[in-house]
Every structure is written in C-alpha cells, then in structure tokens.
Amino acid sequence: MVNVVRVLEEAGQTLVLRDLGTHHELLLGQTPILSSKALETERAFGALAGTARDDRSPRTILIGGLGFGATLAAALAAVGPETRVIVVEKLRAVAEIVRGELSHVAPGVLDDPRVELVHADVAEEIGRRSNLDAILLDVDNGPGWASFRTNARLYTQAGLRLAWDALRPGGAYAVWSGYPADAFLAELRKSGFAPSIVPLHERGVVRARAYVGRRPG
C-alpha cells in the first residue's frame, strides 16, 4: 500500500513523499529522486570520508546531495571533531524532510556543529571551493543518470576539472552509482585521477558502487 506522507512545492515543482511500507520515496513530478531502500550502501559511501587523508589533521569534506541524511551521518561518524563537512543540496524541501518526517533515518545530522548546509547547484558550489580533502557525490543514480539536467555536467571532463581544482593534492572524488558504470573510470583517468571502484553492499550483496578518483599527491 502506498501512502502519501507529504506534498511540497518548490520553485514551481511538486515533490511528493510516499511511504511504500518497506521504504520511503521522494518524487519530483512523476520521477523518484530519493529512496530509503538502499541506505546501507549510502552509509558505506559516506564512510569513505574517513579515508580522505592518511594523517589526522583537520579535513574539509564536500558532500553533494543530502538525500535522507544517511550519507552525511556515516561521514560524520567516520571523521574527527575538527572536520568540516559542507553539504550541498539544491532542494530546501529535502532538508525539511530530513528534519521532519524522516528525522529517524539520520537523527540530528543537520544540527551537528561540523555541518554547513548550502542550498545551491552542486557543480557551481564545487567551482567556488578549494583545498577540499574529499568530494562525495550522491546527487544522482550514477554518472549516466542525472536527477537534474544540470547535474550531467558533473561527470564531464569540464566537471571533473572543477573537482580536480577544488581538491587538495591527494584528495578524493567519489560518485555513488546504483548500477555498473565502469566506463566512467576512463573519464576519471583522462582527467588525471587515479581511478578505482569500491563495491557498496546492502545485506551482504553488492547493490551499488563508488567510483573513486584520487588526485595524485
């Protein structure tokens, strides 16, 4: 049974939060853009923030996409008290849901003093940043499936150059993908990143992947 939990309006668009019994979905129009179905993979993805640097010095992490807060919660658990975590989320309605109806998914993450929430386009915000230790992108279903047309540029050579320039030497760029997108490794390599794949498990089964590019130090 599908239960409509909340209907929100933002910038002339309708967002619908639905309870499907086993999980929640957020739809933009008729298109699902967020789901709580694979939170284990998102938590594993967020934990990659803890491997951004080998030393214990303060870090600055940028997370693209708040989602339902699972990626952010895992990142906060993986880093130290002096780490700064910048979360870039285009839709203010998403933050409302994380603080409201789905606050049980990642309790209090937006109230953590390490967190800075920025409502902006992710690519534009990356272009304004420098000296980041990691960029974790969980804004789409993968590099070939963008929730918003403007997100597609994140995975182009121009978008990867923005990420390169925003990262410190040795910094990491990672993209969550709900499907195999191994061709993206060639794009990372072409941009100068050292690419790798990290499998992300849900109940012991690989359900997603992190495509990671390390900027040489």
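The values are calculated or read from the model by the stated rules, or taken from the named source; none is laboratory data. Owing to the predicted nature of the structure, the values given are computational and were not obtained by experimental measurement. Neighbour counts run over all protein chains shown; Cβ positions are idealised from the backbone, glycine included. These accessible areas exclude ligands, DNA and RNA; they are computed on the full protein's heavy atoms, side chains included. Shrake-Rupley method; radii C 1.70, N 1.55, O 1.52, S 1.80 Å.
Between Glu10 and Leu15, the built amide H atoms are under 5 Å apart, and every one of these is 5 or more places off in sequence or on another chain. Taking all protein chains as shown and a probe of 1.4 angstrom, Ser196 keeps an accessible surface of around 50 Å². Within the stretch 122-138, list the residues whose amide N lies under 15 Å from a label point set 7 Å along Cα→Cβ of Val198. Inside the label zone: 133-138. Just the protein heavy atoms count here, and of the accessible area of the chain at 1.4 Å, carbon and sulfur take up 51 percent.
Scanning residues 5 or more positions from Arg59 or on other chains, those with amide H under 5 Å from its amide H are Thr83, Arg84, with H placed 1.01 Å from N in the peptide plane.
The mean of 1/r over all pairs of different alpha-carbon atoms in the stretch 26-123, once inverted, gives a Kirkwood hydrodynamic radius of 13.7 Å. Spin-label model, Ala158 to Glu101: label points 7 Å out along the Cα-to-beta-carbon direction sit 3.6 nm apart.
Applying the Karplus relation 6.51 cos²θ - 1.76 cosθ + 1.60 with θ = phi - 60° to the stretch 177-188 yields 3J(HN,Hα) values of 9, x, 8, x, 9, 5, 4, 5, 4, 5, 5, 4 Hz, where x marks Gly and Pro.
For the chain, the alpha carbon convex hull comes to 114 Å³ per residue, rounded to a whole number. Taking amide hydrogens as placed 1.01 Å from N in the peptide plane, the amide H of Gly170 sits under 5 Å from those of Arg215, Gly217, each at least 5 positions away in sequence or on another chain.
Within the stretch 130-203, the proportion of Cα pairs with more than 20 Å between them is 26 percent.
When you count the other C-beta atoms within 10 angstrom of each residue and take the mean per peptide, 34-40, 117-123 line up highest first as 34-40, 117-123.
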